[in-house]
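One structure below.
Every number in this text was worked out from the coordinates using simple rules, so none of it is lab data. The shown structure was predicted, so the numbers you read here are calculated from the model rather than taken from an experiment. Glycine also receives a Cβ, built like all others from the backbone with ideal geometry; neighbour counts cover every protein chain displayed.
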Amino acid sequence: MKTTTVSTLALRSALRQNLVSGQSSLADAQKEAATGRYADIGQSLGGRTSQSVSLANGVSRLNAIIDSNSIVQTRLSTAQSALESVSDNTQTALDGLLTVTGGSDDTQLSSVVDQVRNAFQSSLGAMNASVAGNFVFSGTQSDQPALNDRLGDASDEIRSAYDAAFPPDGPEPSADDVEDFIDKTVAPMFDETNWQTWSNASDDPVQTRIGTNEVIDTSTTANSEGVRKLAMASALSTALLGDDVPASTRSTVVTSASATMREALSGIDSDRSTLGVVQSRVTKATSAMKDQIDTVNTQIDNLEGVDPYDAATRVNTLMNQVETSYAITARISQLSLMNYL
């Protein structure tokens with residue numbers, strides 16, 4: 001017959017093991033009660049852990065796109081404000097042109113030329129707007145300012161070409177001659193090829209993924225027709241509305257510049273409308289992804305969630321067990337053979 005040795009040390013060791021186990025279980029239970037989720041997802045879900053991880057990764061991807069959309073919306077809002085300013089400046093320049101005729105005096109002509117020049121300079125500043133160092137009208141060349149200030153140079157080039165075509169000591173050009181000059185000499189200065197001297201922007205707009213399966217253009221560039229028309233009308237006006245130009249030429253220039261400025265205004269407002277549609281699509285995509293995240297989070301909660309009442313009850317039960325273990329351990333620690341001798 002074998003006897004088992006019972007000692008205070010053995011009892012202490014057994015109780016210590018139970019106490020450590022109880023403390024670990026209590027920590028897990030307290031965590032579950034606080035978070036509403038299993039303390040150890042892998043242990044609790046077993047083979048379903050991969051499903052939980054996949055759902056969580058999906059939420060992370062959606063949140064990343066939502067964060068990106070927030071930046072896109074900031075860029076679009078900046079672009080909209082800039083185009084609104086350009087539109088207002090273009091209207092101001094047009095209003096000025098509509099107040100003059102070929103026979104207007106030098107003071108009035110000079111005032112309108114200044115008005116057109118200042119309106120263009122303000123528009124130039126707006127078109128070079130940036131967000132976090134990225135120029136919003138530069139397309140994929142966002143590290144470069146969209147436009148160079150070439151108004152003075154372009155105005156000089158137009159005036160030089162005019163003087164070459166119609167020498168001051170030669171016959172005065174007819175309205176048809178001036179119209180032909182504008183169509184064949186001035187307009188090509190602002191075509192897509194020659195516009196490269198004005199613009200650093202790429203023709204390719206920025207493309208952004210705004211949803212899991214949706215990639216769209218999220219910018220417009222300074223190479224749009226509206227902007228080129230604005231530059232042409234401004235350069236034409238500042239070049240040929242001086243008092244040293246025949247009144248008949250000024251008359252034709254006012255008519256042409258006004259018509260071109262109207263085209264610029266229409267093009268710029270069209271760009272604003274396009275960006276408005278993009279803003280709406282980004283907003284809708286973001287809203288849809290937030291709804292999707294709510295749905296996925298519900299699925300995750302169903303997998304990982306614990307009943308709060310059960311968790312609280314388990315905490316109380318384990319706490320009582322741990323406290324009891326402490327009490328028993330303390331009493332055993334007080335046992336001594338000396339007390340019985």
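Which GluC sites (Glu not before Pro) in segment 176-217 sit in a loop by DSSP (not H, G, I, E or B) and have at most 13 other Cβ atoms within 10 Å of their own Cβ?
On the way: sites: GLU179, GLU192, GLU214; in loops: GLU192.
Taking segment 176-217 and a limit of 13 other Cβ atoms within 10 Å, the loop GluC sites (Glu not before Pro) found are GLU192.
Taking amide H atoms as placed 1.01 Å from N in the peptide plane, the amide H of VAL131 lies under 5 Å from those of VAL136, each 5 or more residues away in sequence or on another chain. In a fully extended conformation the segment linking VAL53 and ARG209 would gain 53.8 nm over its present Cα-Cα distance, using 0.36 nm per residue. Would you work out if segment 84-197 is rounded, prolate or oblate? Take a ≥ b ≥ c from the square roots of the eigenvalues of the alpha-carbon gyration tensor; rounded if a/c is under 1.5, else prolate when a/b is larger than b/c, oblate otherwise. Cα axes put segment 84-197 in the oblate bin.
Order the peptides 79-88, 221-230 from the highest to the lowest mean number of other Cβ atoms within 10 Å of their residues. Intermediate values should be presented prior to the final figure.
On the way: 79-88: 20.1, 221-230: 24.2.
So the order, starting with the most tightly packed, is 221-230, 79-88.
For segment 194-240, take N as its residue count and report Rg(C-alpha) divided by 2.2 N^0.38 Å. Intermediate results must be reported in sequence, preceding the final value.
Numbers: Rg = 15.3 Å, N = 47, 2.2 N^0.38 = 9.5 Å.
Cα-based Rg divided by the globular estimate yields 1.61.
One chain, two ends: ILE293 and GLU192. Fully extended at 0.36 nm per residue, the span grows by 31.9 nm beyond their Cα-Cα distance.
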